[in-house]
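Inspection log for the structure reproduced underneath, given as structure tokens.
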Amino acid sequence: MNATVAEAVAFADSAETLLYDLGVKAGRAAWVQANFITHDTEILAAEANEAYVAAAVGLATEAARFNGLDLDYDTARKLNALRTSLTMPAPNDAAKTAELSQISARMESTYGRGEYCPDGADGECLSLPDMSQIMAQSRDADELLDVWTGWRTVSPAMRTDYQRFVDLMNEGARDLGFTDVGAMWRSNYDMDPDDFAAELDRLWGQVQPLYEGLHCYVRAGLAEEYGEDTVPLDEPLPAHLLGNMWAQQWGNIYDLVAPPTADPGYDLTELLVDAGYDARRMVETGESFFSSLGFDPLPETFWERSLFTKPADREVVCHASAWSMDGADDIRIKMCTSVNADDFETVHHELGHNYYQRAYKDQSPLYWDGANGGFHEAIGDMIALSITPDYLQQIGLLDDVPDASSDLGLLMKRALDKVAFLPFGLLVDRWRWQVFDGTLTPETYNEGWWNLRREYQGVRPPTARTADHFDPGGKYHIPNNVSYTRYFIAGILQFQFHKAACDLAGWDGPLHRCSIYGNEEVGERFNAMLEMGASQPWPEALEAFTGTSEMNGSAVVEYFAPLVEWLEEQNQGRNCGM
Ligand code: X8Z
Ligand code: ZN
């Protein structure tokens, strides 16, 4: 019997209700597992997730019944969302769905529990936050190498799991009519999946010259610090010397490469420490930024139920995250916060997720998402771009605002975090796409990873790596199966948002000195985009805030223009290239 339009509408409604219900249960189980990693919580989380995924796959399959019907806009969009928005597609098979969920929960636990014990299992062990601190602060190449390789002893245990994980998800994606999981992920951007991949290349092309200038300059600075034996000037950068476990953001080596005559005169980490900030105060400060734009304060339950610091007495997943538990007011973050500039920024990043979630809660549940994944990641980052010297002075953290002669220093610090991140943001899913489509096999997982690291970032491993290593597994988003393209998009979008906001505020100085703190008009326009959630294609959401429907890297280029010019002068006579 042919399906009718009325049946399609009823189907979308009941799908929404069922997934909401199972999603809330899976979310609570996942919260408990991530806050209290044990054998039992892992099983409970796997079971709840299995029920959710099985239902989601069943509904996505059934939705095909209504193909070809002339449906109203919302029903068509919801049925499409059912088919494209599942990150972990499971095969249409109960046993395999259970196995997939178990592997997923196990990899999450393995990553969350991961530690490195330099003197063997009986000695003191370092957690990932401990090691991140060393990566940020140490300038001892041997110590950095030890911690860098030490963290990478955790992931080889996940390699076999990951291989099976990929096979099972691919089977699930094929059951839903996609060639592989990568194709399924790429289909979730309101445009042709191949056009989307080309769009990423276009955006990367816009900002690549900035990255290359920074790369060349930083290589020279590292060679000066560590010697040309450790950092040869004609080779990619060694991955352990960039101030970050994954060499993804380089702001922590600012002191090594600071422009000699442009000292901003302050270090945000020191300001926070000297002012006696703790984790909660950092979050309160982030909240007041949003309040200054006209957003309501966070609910009492946020403060009661969030996790702000690493507990001493149990194992938790320390990677920062933001949660909406019931699609209403139960929003929370979970972070192992240290009092430093990186985590101050991350606090804003996570709060951005929470304010977005709350803004779209009145949409129907299948629209509880970012306009695309990149939007979700860009909200808090855009706010954090407004953490300028002026803002820091306004909130009493900084006494004297440095004059324009400090601009190169301020821009360098930002570029080390934001420009350096872009190729990493792109390559993580390039790697996964190659894994999903079979270009890479378990034997070539690691080699393929380092080929991409070299190609996009111009970064190399500091020691020999083999097929037994599983270095991609040392990055949270691989074992936890979080798509990474979202962060690349956010790396572009946050500047586009920032520029639109500053234009709206009537700012006519340099973009990096603009702070939208206190501007309710900007807040209102921003909220107009946030409250749409995923109810419209992302170009509409983009337009609602910025007035244009195209993603564009030109705001990144504009923001860093003075630095780019200066880097070109510095790099004169250098042999650049990766
Ligand atoms: O994973 C995150 C957030 C949670 S959505 C802390 N980020 C990426 C990463 O850490 O690799 C933010 C920046 C990129
Ligand atoms: Zn995020």
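Every read-out reported here was derived from the displayed coordinates using simple, explicitly stated rules and does not represent laboratory data. Because the structure is predicted, anything quoted here is derived from the model rather than measured. Quick reminder, even Gly has a Cβ in these numbers, built from the backbone with ideal geometry, and neighbours come from all protein chains shown.
I need the Kirkwood Rh of the range 62-138: take the reciprocal of the average 1/r across all distinct C-alpha pairs and report it in angstrom.
Numbers: mean 1/r = 0.0586 Å⁻¹.
It is 17.1 Å.
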If I model a spin label at GLU228 and GLN393 as a point 7 Å from the Cα along the Cα→Cβ vector, what separation in nanometres do I get?
4.4
Based on other C-beta atoms within 10 Å, arrange CYS125, CYS336 from fewest to most.
CYS125, CYS336
D (Stokes-Einstein, µm²/s), Kirkwood Cα radius, the range 3-153, 1.567 mPa s at 4 °C
70
Quick one: longest stretch of the chain between exposed loop GluC sites (Glu not before Pro), exposed meaning at most 14 other C-beta atoms within 10 Å and loop per DSSP?
229-442
Restricting the range 290-351 to trypsin sites (Lys or Arg not before Pro) in coil, as DSSP defines it, with at most 12 other Cβ within 10 Å
ARG314
For the range 388-528 the translational diffusion coefficient, Stokes-Einstein from a Kirkwood Rh over Cα pairs at 25 °C and viscosity 0.890 mPa s, in µm²/s, is roughly 135
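Is the C-alpha gyration tensor of the range 484-570 telling us rounded, prolate or oblate? Criteria: a/c under 1.5 is rounded; beyond that, a/b larger than b/c is prolate, otherwise oblate.
It comes out oblate by the Cα gyration axes.
Among rounded, prolate and oblate, which fits the range 135-178 when a ≥ b ≥ c are the square roots of the eigenvalues of its C-alpha gyration tensor, a/c under 1.5 means rounded, and a/b larger than b/c means prolate?
Numbers: a/c = 7.69, a/b = 3.28, b/c = 2.34.
Prolate, because a/c is 1.5 or more and a/b exceeds b/c.
Please compute the net charge surrounding ARG460, taking Lys and Arg as +1 and Asp and Glu as -1 over other residues with Cβ under 10 Å from its Cβ. Intermediate values should be presented prior to the final figure.
Numbers: positive: ARG453, ARG454, ARG465; negative: GLU235.
Once all neighbours under 10 Å are counted, the net charge is +2.
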So what's the net charge close to TYR487: Lys and Arg +1, Asp and Glu -1, counting the other residues with Cβ under 10 Å from its Cβ?
-2
Alpha carbon centre of the range 84-138 versus the range 262-313: separation in Å?
27
Kirkwood Rh, the range 17-64, all Cα pairs: how many Å?
11.0
Taking max minus min of the Cα coordinates of the range 190-305 on each principal axis, largest first, gives extents in Å of 55, 50, 28
Taking the beta-carbon count within 10 Å as an exposure proxy, list ASP429, ASP122, ASP326 from fewest neighbours to most.
ASP122, ASP326, ASP429
Given a cut-off of under 8 Å on Cα pairs at least six residues apart, what relative contact order in percent is computed for the range 126-268?
26
Mean shadow of the range 337-431, computed from the convex hull of its alpha carbons, in nm²?
8.5
Just check the range 121-252 against the gyration tensor rule for me: Cα atoms, a ≥ b ≥ c as the square roots of the eigenvalues, rounded for a/c under 1.5, and otherwise prolate or oblate depending on whether a/b exceeds b/c.
oblate
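If you build the convex hull over the alpha carbons only and average its shadow over all orientations, what do you get for the chain? Give it in nm² to one decimal.
Values: hull surface 101.7 nm².
Taking the Cα atoms of the chain, their convex hull projects to 25.4 nm² on average.
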Could you work out [θ]222 nm for the chain from helices alone, using -39500 (n - 2.57) per DSSP H run of at least four and dividing by all its residues? Round to the nearest 500 deg cm²/dmol.
-18500 deg cm²/dmol
